[in-house]
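As structure tokens, the structure follows; a few thoughts come after it.
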Amino acid sequence: MPRLLLLTCFICFFSVRLPADMSQGWSANRWDGYQPWAKHELMDGVLHIYDVESKHGFGWRSHRLYEAQSGDSVQISAKVKGRGTVAFQLQYFAPDGKKWLGVDPHSSSAQLSDEWQLRSFSLPVSNLDKGATGKFMPTFLGRQGTELFIDDIKIEVIEGKYRGDFLFPMHWQVFIDINKDLQSPLLELPQSLDGKTAQSFSLDSGQISFKGLFEPAKVGNCAWLYAELEAPFACDYSIGAGADYFMKLHVNGETIIDTLDSGNADFPPHFSNYVKTVRLRQGKNIFAVKFLTGGNASPAISLGGPHELRQLSSVLNVTELFQFDDYVSPAQRSGDPQLIVGILTDGMESKYHYGYYKAGSSIEFAGKTWRLPTRGGDAFFATGLRLREMDKPGSMIFKLGEKFNLELQQIDNNPNLQVSFRENEKVLERMEFPKAALPADIILAANHNQYHVNMLSIQDSKLRAFSAAADFSELGEFTSSVALVNCGAAVSNYFTGLAKKEMKSNTVPFKLALDESFDPVKAGWNLIWQDEFNGSEVDWENTWMNSPWNPIPRNREQASVKNGMLHIRCDFSKRPEDSKDKRPYIGKTVGLYSQKRFGYGYYEARLKFTKKPGWWAAFWMFDEGRNMSVGGGYELDIFEDYSTRRGAAVIANNLHVTYGPNMRSYGYHFELPGSLDEFYVIGCKWTPFEFSTYLNGKLVKTSARHSPYNSCTYDAINHGFGTTDLYLSISGQAGNSGGWATGEYSEEYLVDYVRAYEYPRERDPSIRFSKTPPKSVFKSAEQLNFELDVRPSAKSGSPIKTVYLFDGGNLIDYKTKAPYSFSLAIDQATYKDTVWASAGRSGKPANLDSYPHFFRAAVQDEEGMVAYTEIFPVICDMQGGQPYQGAAAKVPGSLKATSFDQGGQNIASYKQERGGFPDGVEKFSRKAMHLREAGEWVNYSIEAEQSGKYQVELERREYRRDEWPMRALLLIDGVYVGDFLAEKGELKAVLPNVSLSKGKHLITLISACSYGVWPESLQFTLNTPF
């Protein structure tokens, strides 16, 4: 547990004259940029700063320097009032206090009001480029126009557990099957070792797996791992490691952690098992790790640095639910909550169910008692919920028996929840959680000797967590509940169950560029599309449209071009009296969508972000459809700025992936380097395996719970493999995200240009299915077998690195060496630990039903180039149904699309719906057939009167838009026989030579496109009898 070190606690008295100010410990910063100087005076012991006319505002600084190192944190509190905002910031000095190192870019701010408020400010201590921090100077500042009254400043330093803040090496060179007695180099990265060349691996949740890499697998298999860390200066640095089962870790030749004799004390291995702080030297530092396997079939090593130790050492996964309540259906509940519906979070405006509990309520599963899991295991008792908000000052208290509780305290006018874990009245650990990061998933877990608290923000995807040792051995049989003291709360997903510390079962080798800076022109990417907005109006005729799925021009007057700049305006007016909308003011704005779709490339725009609530600006890519492998289902939000509405220059970035009834969402928040009043060039580099965001040509640095990166990056392995082309959009969005409008006003979103560059593919390797399953309809647990023909690029000759198998854009398996074959079954045992089964921010588990599985294989070579196959469809547990009106349709002849078989959902048809429909419910219309979403399917029973080769013609009906090409897959008796293909606007598609034997057959038609098939009929014509 960190030691709380109170360095100073004082009231600051100020004088009007500068010398007197300095004598009291604080004075105005006389930087020239603050001219003309703001005025200040002392009023009853309170400092009053006013007439702030400089465009840079004002700054004040302490004369005292306080000792702290990277990894510590500073808590500052002050009484404030006025108008505008006040922010605290730290300046750093070397340990001797003489050398100034610079200003930490992080600040902590508070909005001022007319009433006195006690505000708290939390700041991490870090190292800057000029050297290791030894002391800091606290400062406070305000912007132009601010008026500040400030009193009673208190400063507290909290000593950190871990030192340093350089990024821990993500990418490691690994030598497999090495003689364990070999004296390997410790001061350099070898080119080869024991006659072996290195393989490149990236840490995934801090782990590298050796499963399947040793031949033969036995106790004592040896591998060596190497990585470099370039340090601009010498400093202390914390390193964590754990292994299944033996390891010896060296830094610059010095042994840091050694378990070669003892083996790992804990299972599963985690980088928090063994932690040491070392002294890095300036320049290159060599990490060398010797690894030996034990008896486990899935040997692995776990490694991490200070960032990982602070953020991930107590990550929990709920593995079993005892009780669960999602507040969807009315029921008898303790505390009698009101069931309400709201949006999940800013940027995700789908509806979500909550229960609102009044102050004084107790949230619990009445009459239930629990016991801790058996001592010595890896399981924890866990309880938690999703907290949307606490409605006023008060506390939410999670109780474990009578002695232990986790308190979330909301203080009036404080932007942070005060989170503390207590044994009786003794505080064992505490932290702050920003209210702006709600909603959040909260987990409290305990076993006999330790506890963990996880608070994972749904808003910014960041995990705030702490853990420590405690004695729970006397807890015995206990109750678990959540008490609300002096406040009400809206919650969802309340549960009790079991949890384990997260350790993924395998680490997938793959390569991302992760370029620190990127210029598509210098990289040789071709400019293929642009709008410089140099005309007199928006080009709705050739370049833009209102939306791909709604052809009616709407609100186009809200977009104009002036002086080489696109202006997207939002106007707010009072809600009409007869409106059902609850918002007091309604916004009118517009979105521009490209008339063409784009694949992998670099997309950028120069623009200015917006500030006012009630709407937000966005730059994004997506397509209509519900599958990222065959149609839409992939939304890349390069930015959305609803996150600026609380005054901070913080931008949101999101990825939404869809595969039939299942959807996952991921997000980042990142800070701008300047103000919201500046223009920025924001772009995204989208390649087959990488989606990274760039600001002014630099890779955006941030982090999130879902990602192994310290940048705004998503990848195909951990997030989703999108292969469909997407529309590009610059839009204003009026909705609930970022808060409701507060009056009748207008605001504009300014865009200088939009450009698209194409990703070059001429150096790609090649891959195709050489063998696929003999049919496309299987039972659960029935084996499917795929074989691949994989070849290096004819141009580069780069060796093959890894071959991957995806289902609906989700990684299922991979191979690092030939033969590249896969064998699997579609069941919970196969899918439960894959990306396919993960929930994302919504928290909803994936639904394994009869939605088609679109399998696609991909290959990556040593250069990082990627190629992929066409899809192969599989439907699991289709039951077939009965012929419509009791009789199969005769062929040759015409079959109406609405004459599909009877039996309903998952039996004779499948209609897509988020979360799925119950079995046997017939959801398609008998008046008109759509097959609107990718993956929807219907069965038709036919009877062939003669054997032969048939031409099958799909006739389509016209619908609102013809922007999309059409693709439909045809199965006959469960065997995939071909595709119906039609370009946009074409109403017929033909399969010319389909073999049918005389007798009854089952025809399955599957939508495999973005906007639907819209079938009118199927015409069977006998071409060649046999």
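Here is how the numbers come out for the structure above:
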{"quantity": "Pick from segment 275-309, criterion outside any strand (DSSP E or B) and surrounded by 20 or more Cβ atoms within 10 Å (Cβ to Cβ), ranking: modelled with the highest pLDDT", "calculated": "Gly305"}
{"quantity": "Evaluation of Val491 against (1) touching a Gly at 6+ places or on another chain (Cβ under 8 Å); (2) farther than 30 Å from Val751 by Cα; (3) assigned to a loop (DSSP other than H, G, I, E, B) (one fails), failing number", "calculated": "(3)"}
{"quantity": "Residue within segment 258-274 that is at pLDDT 95 or above and assigned to a strand (DSSP E or B) present", "calculated": "yes"}
{"quantity": "Count - residues of segment 995-1018 that are buried (at least 18 other Cβ atoms within 10 Å of the Cβ) and either in a loop (DSSP other than H, G, I, E, B) or in contact with a Gly (Cβ under 9 Å, 6 or more places away or on another chain) (or both)", "calculated": "12"}
{"quantity": "Val751 vs. criteria in contact with a Leu (Cβ under 9 Å, 6 or more places away or on another chain) and outside any loop (DSSP other than H, G, I, E, B)", "calculated": "yes"}
{"quantity": "Residues of segment 790-824 that turn out to be of a type outside the set (Ser, Thr, Tyr), in contact with a Phe, Trp or Tyr (Cβ under 9 Å, 6 or more places away or on another chain) and not in a loop (DSSP other than H, G, I, E, B), as a count", "calculated": "14"}
{"quantity": "Which listed residue, of Ala489, Ala440, is closer than 21 Å to Glu320 by Cα, crowded, with 20+ Cβ neighbours inside 10 Å and out of contact with any helix residue (DSSP H, G or I) (no Cβ under 6 Å at 6 or more places or on another chain)", "calculated": "Ala440"}
{"quantity": "Qualifying residue in segment 535-554 (condition: touching a residue at least 60 places away in the same chain (Cβ under 8 Å), in contact with a strand residue (DSSP E or B) (Cβ under 8 Å, 6 or more places away or on another chain) and charged (D, E, K, R))", "calculated": "no"}
{"quantity": "So Met455, is it without any contact (Cβ under 8 Å) to a residue 60 or more places away in the chain, within 19 Å of Ser122 (Cα to Cα) and surrounded by fewer than 20 Cβ atoms within 10 Å (Cβ to Cβ)", "calculated": "no"}
{"quantity": "Members of segment 956-977 found to be surrounded by fewer than 16 Cβ atoms within 10 Å (Cβ to Cβ) and assigned to a strand (DSSP E or B), listed by number", "calculated": "Val975"}
{"quantity": "Meets criteria (closer than 20 Å to Met170 by Cα, surrounded by 19 or more Cβ atoms within 10 Å (Cβ to Cβ) and among the β-branched types (Val, Ile, Thr)) for Val251", "calculated": "yes"}
{"quantity": "From the options Leu655, Leu672, Leu726, Leu699, residue that is in contact (Cβ under 8 Å) with a residue 60 or more places away in the chain and more than 27 Å from Val866 (Cα to Cα)", "calculated": "Leu672"}
{"quantity": "Residue within segment 338-346 that is at pLDDT below 95, in contact with a Leu (Cβ under 6 Å, 6 or more places away or on another chain) and surrounded by 18 or more Cβ atoms within 10 Å (Cβ to Cβ) present", "calculated": "no"}
{"quantity": "Segment 171-183, residues that are within 26 Å of Leu128 (Cα to Cα) and either surrounded by 19 or more Cβ atoms within 10 Å (Cβ to Cβ) or of a type in the set (Lys, Arg) (or both)", "calculated": "Trp172"}
{"quantity": "Those residues of segment 267-298 which are polar (S, T, N, Q) and over 32 Å from the mean Cα position of the chain (by Cα), in sequence order", "calculated": "Gln282, Thr293"}
{"quantity": "Filter pass, Ala928 being in the same structural domain as Ser776 (by TED's automatic domain parsing), in contact with a Lys or Arg (Cβ under 9 Å, 6 or more places away or on another chain) and either closer than 30 Å to Gly599 by Cβ or small (Gly, Ala, Ser) (or both)", "calculated": "no"}
{"quantity": "All positions within segment 866-899 that are among the charged types (D, E, K, R) and either buried (at least 20 other Cβ atoms within 10 Å of the Cβ) or within 30 Å of Arg763 (Cα to Cα) (or both)", "calculated": "Glu870"}
{"quantity": "Residue match in segment 657-667 (condition: aliphatic (A, V, I, L, M), at pLDDT below 95 and surrounded by fewer than 24 Cβ atoms within 10 Å (Cβ to Cβ))", "calculated": "yes"}
{"quantity": "Residue check for Ile301: farther than 29 Å from Pro185 by Cβ and under 25 Å from the mean Cα position of the chain (by Cα)", "calculated": "no"}
{"quantity": "Complete set of residues in segment 75-128 that are within 29 Å of the chain's Cα centre (by Cα) and within 17 Å of Gly164 (Cβ to Cβ)", "calculated": "Asp104, His106, Pro124, Val125, Ser126, Asn127, Leu128"}
{"quantity": "Residues (touching a residue at least 60 places away in the same chain (Cβ under 8 Å), assigned to a strand (DSSP E or B) and under 24 Å from Arg163 (Cβ atoms)) located in segment 209-236", "calculated": "Leu225, Tyr226, Ala227, Leu229, Ala231, Cys235, Asp236"}
{"quantity": "Any pair with Cβ under 7 angstrom, 6 or more apart, that starts in segment 143-165 at a residue that is modelled with pLDDT under 90 and ends at one that is assigned to a loop (DSSP other than H, G, I, E, B) and among the acidic types (Asp, Glu)", "calculated": "none"}
{"quantity": "Filter pass, Arg646 being of a type in the set (D, E, K, R) and part of a loop (DSSP other than H, G, I, E, B)", "calculated": "yes"}
{"quantity": "Test: residue in segment 366-387 that is touching a Ser or Thr at 6+ places or on another chain (Cβ under 7 Å) and closer than 12 Å to Cys487 by Cα", "calculated": "no"}
{"quantity": "Residues satisfying the stated conditions in segment 825-843, i.e. in a loop (DSSP other than H, G, I, E, B) and touching a strand residue (DSSP E or B) at 6+ places or on another chain (Cβ under 8 Å)", "calculated": "Ile826, Thr834, Ser838, Ala839, Gly843"}
{"quantity": "Meets criteria (free of Cβ contacts under 8 Å to residues at least 60 places away in the same chain, surrounded by fewer than 22 Cβ atoms within 10 Å (Cβ to Cβ), in the same structural domain as Val328 (by TED's automatic domain parsing) and out of contact with any Cys (no Cβ under 8 Å at 6 or more places or on another chain)) for Ser467", "calculated": "no"}
{"quantity": "Search result, residues across segment 977-1012 that are of a type in the set (Ser, Thr, Tyr) and in contact with an Asp or Glu (Cβ under 8 Å, 6 or more places away or on another chain)", "calculated": "Ser1007, Ser1010, Tyr1011"}
{"quantity": "Some residue of segment 734-749 being within 30 Å of Val315 (Cα to Cα), touching a residue at least 12 places away in the same chain (Cβ under 8 Å) and in contact with a strand residue (DSSP E or B) (Cβ under 7 Å, 6 or more places away or on another chain)", "calculated": "yes"}
{"quantity": "Segments classed as strands (runs of 3 or more DSSP E), wholly inside segment 544-619, with at least 3 members that are under 30 Å from Lys698 (Cα atoms), among the aliphatic types (A, V, I, L, M) and not assigned by TED's automatic domain parsing to the domain that holds Glu963", "calculated": "565-574"}
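The values are calculated or read from the model by the stated rules, or taken from the named source; none is laboratory data. What you see is a predicted model, and the numbers here were worked out from it, not measured in a lab. Quick reminder, even Gly has a Cβ in these numbers, built from the backbone with ideal geometry, and neighbours come from all protein chains shown.
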